[in-house]
């Protein structure tokens, strides 16, 4: 091929030519360059001619570029060499370029073309970074096609389900995991919701490779192509089995405690740090002649013997300061009719994770009958002693 000025212009010029074209000699000096150099990198072609092209190569890529040019010089005419490097633009930045270099027959000349692939490199880097994040996350990340078959399965999915990626990939997701959907729904219904809303979140049950059932919080998003057509479904699955087991155990424990609180024959009261009654059981309300609603929300202080206020305050201060967790004593509560009721009381601090009291729980045993019997016994013994004295 004869590289005349006319043939060069027709082959490399015009606003529709995106590639950078270059003729250079064996020492990498520019002989000709097209206008794409100015559009892409800001270097006018006339400024490039007669200069070494290597001066525009990023310093970190210069050694590899020299090696590629040297290798291209040894190629048979017509064969091409490829290279990816960074070229410096006029503003001081750099662009990733993909080069094809061809030695020309019968001459110590090379024709080279380059295309700016900076955007491609950036997109690929972003994709790689996102893929690394998906590999590092503790949640199972799964991508399935619209046919239900697994396309992507991150390391966390292997941990959650016990299936290696190379085994899981290609299988129907819901068949492999034996998906049990909430409320009797199925994959078709969930897919319809994804088409309508673009995303779905809910709990499902899956079966691990070892046969154990796990509860999964699944967040799904529909993926579409540039034309808006559905191409896949991304699922981020969190194993919440332990959390749900703990919640069920806590609920069962709370139910047992609530049942004991409600049905106990011993009076019980819970009050806040502000001395406001938060709850009482029926036995406590009955022993004082109140209803529960009359007590809840009222100050606890009104139920205690006013003569013992100082002792009560000191005992509470000891629990708040951490000197003791509970106090036990005999005393009086004030009934609705104003009379005093003999009780044995045990007050305990209910502490939070930081060790500070959050509220106080009290258990109150009606000991009026015992106190009355003790008083009668003491009176009888006093009478007997008096009679013995007179006989003597």
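No lab work stands behind these numbers, since they all come straight from the coordinates. These numbers were taken from a predicted model, which means no experiment stands behind them. Note that each Cβ is placed from the backbone with ideal geometry, even for glycine, and that neighbours are counted across all protein chains shown.
A few notes on this one:
- Short-range pairs are left out: with C-alpha atoms under 8 Å and at least six residues apart, the relative contact order of the stretch 155-223 is 30 percent.
- Note on the stretch 261-373: Rg/Rh from Cα positions, Kirkwood definition for Rh, rounded to two decimals, is 0.95.
- Helical mean residue ellipticity (222 nm; -39500 (n - 2.57) per DSSP H run of 4+; nearest 500) of the chain: -11000 deg cm²/dmol
- When the chain is treated as a Gaussian network with alpha carbon springs shorter than 10 Å, the biggest mean-square fluctuation among 278, 189, 374 belongs to 374.
- Measuring nothing but how far apart in sequence close Cα pairs (under 8 Å, 6+ apart) lie, relative to its length, the chain scores a relative contact order of 7 percent.
- All Cα pairs of the stretch 131-244, percent lying beyond 23 Å: 23
- Estimated FRET transfer efficiency (residue 91, residue 71; beta-carbon r; R0 35 Å; 0.05): 0.65
- Packing, as the average of other Cβ atoms within 10 Å across residues, places the peptides 332-342, 248-258, 153-163 in the order 153-163, 332-342, 248-258, highest first.
- Here 308, 220, 98 are placed in order of increasing Cβ neighbour count within 10 Å, fewest first, which gives 308, 98, 220.
- Seen against the Cα atoms of the chain and their longest principal axis, helix 309-320 is set at about 30 degrees.
- Radius ratio Rg over Rh of the stretch 249-308, counting only Cα atoms, Kirkwood formula for Rh: 1.03
- Using alpha-carbon coordinates, inclination of helix 118-136 to the longest axis of the chain, degrees: 30
- Read-out Cα extents along the principal axes in Å, derived from the coordinates shown; its label in [x] 88, 47, 35; [y] 58, 47, 40; [z] 152, 47, 35: [z]
- Helix 241-263 vs. the chain, principal-axis angle (Cα, 0 to 90°, nearest 10): 10
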